[in-house]
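The values are calculated or read from the model by the stated rules, or taken from the named source; none is laboratory data. Values in this document were obtained by computation on a predicted structure and should not be read as measured data. Counting neighbours? That spans all protein chains shown, and the Cβs are built from the backbone with ideal geometry, glycine included. These area figures cover heavy atoms from the full protein model, side chains too; ligands, DNA and RNA do not enter into them. Shrake-Rupley method; radii C 1.70, N 1.55, O 1.52, S 1.80 Å.
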Amino acid sequence: MSQTILDSIALGYQPVWNRRRQLAAVRLRVLTQHAEAVDGSHLLRLLGGGWPVVAPTLILAISSPVLLQQALTSEPVPNTWVEVPGALFESTDGMAHLAMAVRRGHRLLRHADLAAVRGEAAAPLDVCSLLRLSAQEVFETLRLRPAEPGAVPARPSPILPGQLYEGVCNRALAEHCLDEAGAWGILGWPDDDVLHAYRHQPLGCDASVIGQIRQAIGLDSSLDLIERLVRQDPVLVYRLLQLVNSAAYGLRHEIESVRHALMMLGFTALSRWLADQLAGSTNDPALHPVRYAQVMHSRLAQHLLESGSTENLRAEVYTTALFSQLDVLLHLPMADLLNRLPMSGRVTSALLRQEGPYHVFLDVARAQADVEHLHRLPEVCERHEMSLEHANRSLIRMLTTSRDQGA
């Protein structure tokens, strides 16, 4: 990878969720800092060339028109879509350039307002679209949604099937888009609205994760796999650490890591304990994007560590990031939650006071997930004395090694 390129762009990511509430694609926004130091063709190969074929689709949203044009005139890369402003489809020259890109083999994603494409008989060049919903369209869609499941609406939904949507602000709209209107995916997820339904009770462990772990134990899977599965659920990690540090175990040394907890507990006892957790678990599929977004955040924080960092250090940074929203999930002050665990001062400093060595990784990872304010990423990196190249490289590494829904 060229250090010049990665020092001259800011990269931010957004997950795209499908009907199964699984990760269907990742939108990687590319904001240029020094456009003269970047070549669009090289940029495309750098970001998409190493993208695994088995991974969710990569969507490249390049902010610079010049770099975008250069990317479209280069050879395509597998499993990668190039996002194109809707305005380019409205001129003769733009359509000519886009038609040539399609003939080269590029997959294009038109980014436009839903209002601009409603009523068209077919999308130009048969492209898929990422459509922005206005407040009025959100209201209209929800108003037309049938009160009873399976009932025929009075008028057709404005949501077009097979497309991606952004601006989906609540769970009801997400369910309509994905389950009733046949949307391909949703950019982002209405976390706040989904969690609002659980505001009066702490969130339980994920029933599907418990099932995956117990199945893996039954198949004599490795400790590495069991640990990876456990780390998919922040509530499960928290309760596991509470368990092994409880008076019932009376251990001489406090346990801070998931791996150590699993080794001390043993798979037989773990399976029995997981069976007990099923009673208060949740199987709401709308919670998977909430949890997995935190897993992505934690993996990125971990990758921001310098190469060569010890496994213990990587695990502690991961857990710190995974717990960063624990107070929202369990409806207790973060200080109270951390007081129940033997976490190090580095963890508590990051989570309670937003300071210390681990806060650096959480802050940069948070900035890379905030694509609406991606222009702040260089400032955040500079404040923490981290190079933009390192932050970008870490994000690429995190995404290209996330080949499944696990941690």
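By how many nm would the segment from SER246 to GLU90 lengthen if fully extended, with 0.36 nm per residue of separation less the alpha-carbon distance?
Between SER246 and GLU90, full extension yields an extra 49.7 nm.
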Given the alpha-carbon gyration tensor of segment 1-138, what are the semi-axes of its equivalent ellipsoid in whole angstrom, ordered largest first, with each equal to the square root of 5 times an eigenvalue?
24, 19, 15
Express in nm, to one decimal, how much length is gained between ASP113 and VAL53 on full extension, taking 0.36 nm for each residue of separation and deducting their alpha carbon distance.
18.6 nm
In square angstrom, rounded to the nearest 10, how much accessible surface does ARG155 have for a 1.4 Å probe?
120
Dipole in debye (nearest 20) - the chain, about Cα centre, beta carbon charges: Lys, Arg +1; Asp, Glu -1
700
Listed residues LEU125, LEU341 arranged by accessible area, highest first, probe 1.4 Å:
LEU125, LEU341
With T = 10 °C, eta = 1.306 mPa s and Kirkwood Rh from C-alpha pairs, the Stokes-Einstein D of segment 101-196 in µm²/s is about 112
For ASP284, what accessible area in Å² do you get when you roll a 1.4 Å probe over the heavy atoms of the protein chains, rounding to the nearest 10?
20
The relative contact order of segment 241-388, taking Cα pairs under 8 Å that sit 6 or more residues apart, comes to a percentage of 20
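How large is the Rg to Rh ratio of the chain when both quantities use alpha carbon positions and Rh follows Kirkwood?
0.99
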Projected label distance in nm at ARG19 and ALA99, using a 7 Å step from Cα toward the beta-carbon:
3.4
Dipole-positive endmost among LEU60, SER298, ASN392 within the chain (Cβ charges, Cα centre)
SER298
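Under the 0.36 nm per residue contour assumption, what length would be gained going from the current alpha-carbon distance of SER307 and THR268 to full extension?
Separation in residues times 0.36 nm, less the Cα-Cα distance, equals 10.6 nm.
Report for the chain the percent antiparallel among DSSP-assigned beta bridges with both residues inside it, nearest 5.
Antiparallel: roughly 30 percent of the beta bridges in the chain.
Using only Cα atoms, what Kirkwood radius does segment 293-390 have, in angstroms?
Every distinct Cα pair counted, the radius reaches 13.8 Å.
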Global form of segment 212-344, assessed from the alpha-carbon gyration tensor, a/c cut-off 1.5
rounded
Determine the dipole magnitude for segment 177-259: charges of +1 sit on the beta-carbon of Lys and Arg, -1 on that of Asp and Glu, nothing else is charged, the reference point is the Cα centre, and the result goes in debye to the nearest 20.
420
